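Let me begin by presenting the structure, written as structure tokens, before commenting on it.
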């Protein structure tokens, strides 16, 4: 089967938030499908060597990206080696994808990994309005709709009407559960000042509304602990300098390291070097419907976690020994969780083993890949519209 996977965001080396889609592409290729990624790109973007990728030249200006992508998508599709049987597209590229596909008898799957979350208040409002309008007008015309969680699928159904037998959930797995990456030792960027410290790791976007500032506050309040508590923030975003400034104002600049993002294959070295992973996403409509990708990555490599009590995180049992719950993610709650994790640092080996043992059979890629593969085959094989349940 030939599949074109469309993305309005870059699916290239160093891009944030696309690991799940890339790994599903790789899983489909392992299963014998001919898959090409068609995604946003610009000078300097480097596709992955193992993923056939065509870049759509994209203007990197607010509100202008989609305007530059839409007219160029058809040319990128026609330049593929062979016409695909199926397009898998995100919401921003759905209008031109449907126009191109319907004229050629190509099936279309709308896949939704998240609501718009990566912008300031004005941009987020505009993006969410466009998200809702696009779904309302066009989602009913696709051959299937897939989402990362049942809660997100419910959000989609509030905006658009489509038959239930065309809706499917596939959650993102983690390749590290299926095959552990090699242990390369501490990464070169790891702060030398943190030698002997108890280190918390946050990996992800450094933007507002993710609870990262509360983590900086919590670490500052733990300055009395011995060994000292440090925090590595691995990522990029509009809050990076604000986080550094806040740590400086709190007198903990030497305990908070804000590091530039690295390619995904280098992240395991950071996870293995940390003592606890931070997942501080606060309650609310944005995060309550998503799948906790970073949580999955931490656990797959046996890293205990400090995590908020939101619906996606309840994939973990409440009494998991390697989970330190921090309620709604206030600085006070995160501080208490960090202190408890610090107190139990002598049990690190057992906690890591328990986390990895729990994650291994539950959070890998086999289940999601089987579900999505069955969906694609049903659309182009016998013509059946019956989908396999998640």
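Being closer than 26 Å to residue 284 by Cβ and modelled with pLDDT of 90 or more is true for just one of 139, 101. Which residue is that?
On the way: 101 fails: closer than 26 Å to residue 284 by Cβ.
Checking each option against the conditions leaves just 139.
With respect to the conditions (1) on the phi < 0 side of the Ramachandran plot; (2) crowded, with 18+ Cβ neighbours inside 10 Å; (3) touching a helix residue (DSSP H, G or I) at 6+ places or on another chain (Cβ under 9 Å), residue 210 lacks only one, and its number is (3).
Residue under question is residue 298, and the condition is that it be in contact with a strand residue (DSSP E or B) (Cβ under 6 Å, 6 or more places away or on another chain) and in a helix (DSSP H, G or I); does it hold? Steps first, answer last, please.
Details: in contact with a strand residue (DSSP E or B) (Cβ under 6 Å, 6 or more places away or on another chain): yes; in a helix (DSSP H, G or I): yes.
Yes; evaluated as a whole, the condition is true for this residue.
How many residues does region 220-238 hold that are surrounded by 18 or more Cβ atoms within 10 Å (Cβ to Cβ) and at pLDDT 95 or above? If you could, list the steps in order and put the result at the bottom.
Going residue by residue through region 220-238, those that are surrounded by 18 or more Cβ atoms within 10 Å (Cβ to Cβ) are 220-222, 228-235, 237.
Keeping just the survivors that are at pLDDT 95 or above gives 220-222, 228-234.
Summing the residues that are surrounded by 18 or more Cβ atoms within 10 Å (Cβ to Cβ) and at pLDDT 95 or above in region 220-238 gives 10.
Taking into account only those residues within region 34-48 that are out of contact with any helix residue (DSSP H, G or I) (no Cβ under 8 Å at 6 or more places or on another chain) and closer than 17 Å to residue 83 by Cα, which is surrounded by the fewest Cβ atoms within 10 Å (Cβ to Cβ)? Steps first, answer last, please.
In the first step, residues of region 34-48 are kept if they are out of contact with any helix residue (DSSP H, G or I) (no Cβ under 8 Å at 6 or more places or on another chain); the result is 34, 36, 39, 41-47.
Narrowing further to those that are closer than 17 Å to residue 83 by Cα: 34, 36, 39.
Numbers: 34: 16, 36: 21, 39: 28.
Checked region 34-48; the qualifying residue surrounded by the fewest Cβ atoms within 10 Å (Cβ to Cβ) is 34.
Apart from one condition, residue 190 fits all of (1) under 30 Å from residue 130 (Cβ atoms); (2) in contact with a strand residue (DSSP E or B) (Cβ under 9 Å, 6 or more places away or on another chain); (3) not in a helix (DSSP H, G or I); the exception is (1).
The condition of being surrounded by fewer than 19 Cβ atoms within 10 Å (Cβ to Cβ) and under 19 Å from the mean Cα position of the chain (by Cα) holds for only one of 26, 103, 31, 60, that being 26.
Take the residues in region 106-122 that are touching a residue at least 12 places away in the same chain (Cβ under 8 Å) and over 25 Å from residue 312 (Cα atoms); name whichever of them is surrounded by the most Cβ atoms within 10 Å (Cβ to Cβ). Per the criteria, the residue is 108. Restricting region 134-154 to residues that are under 28 Å from residue 298 (Cβ atoms) and in contact with a strand residue (DSSP E or B) (Cβ under 8 Å, 6 or more places away or on another chain), the residue that is surrounded by the most Cβ atoms within 10 Å (Cβ to Cβ) is 147.
Kindly provide the set of residues from region 220-247 that are outside any strand (DSSP E or B) and closer than 16 Å to residue 191 by Cα, ordered by number.
Kept after step one, since they are outside any strand (DSSP E or B), are these residues of region 220-247: 220-228, 235-247.
Hits for region 220-247 are 227, 228, 235, 244, 247.
Among residues of region 79-95 that are within 16 Å of residue 53 (Cβ to Cβ), those with a Cβ under 8 angstrom from a residue that is part of a loop (DSSP other than H, G, I, E, B), sequence gap 6+ or separate chain, pair up as 84/106; 87/106; 90/8; 90/9; 90/113; 93/8. Given the condition under 27 Å from residue 88 (Cβ atoms) and modelled with pLDDT of 95 or more, answer yes or no: does some residue in region 333-351 qualify? No, every residue in region 333-351 fails to be under 27 Å from residue 88 (Cβ atoms) and modelled with pLDDT of 95 or more.
Could you say whether any residue in region 147-156 is assigned by TED's automatic domain parsing to the domain that holds residue 230, farther than 30 Å from residue 331 by Cβ, more than 16 Å from the chain's Cα centre (by Cα) and in contact (Cβ under 8 Å) with a residue 12 or more places away in the chain?
There is no residue in region 147-156 that is assigned by TED's automatic domain parsing to the domain that holds residue 230, farther than 30 Å from residue 331 by Cβ, more than 16 Å from the chain's Cα centre (by Cα) and in contact (Cβ under 8 Å) with a residue 12 or more places away in the chain.
The values are calculated or read from the model by the stated rules, or taken from the named source; none is laboratory data. This one's a predicted model, so the numbers in the text were calculated from it and none came from an experiment. FYI the Cβ positions are ideal-geometry reconstructions off the backbone, even for glycines, and counts take in every protein chain you see.
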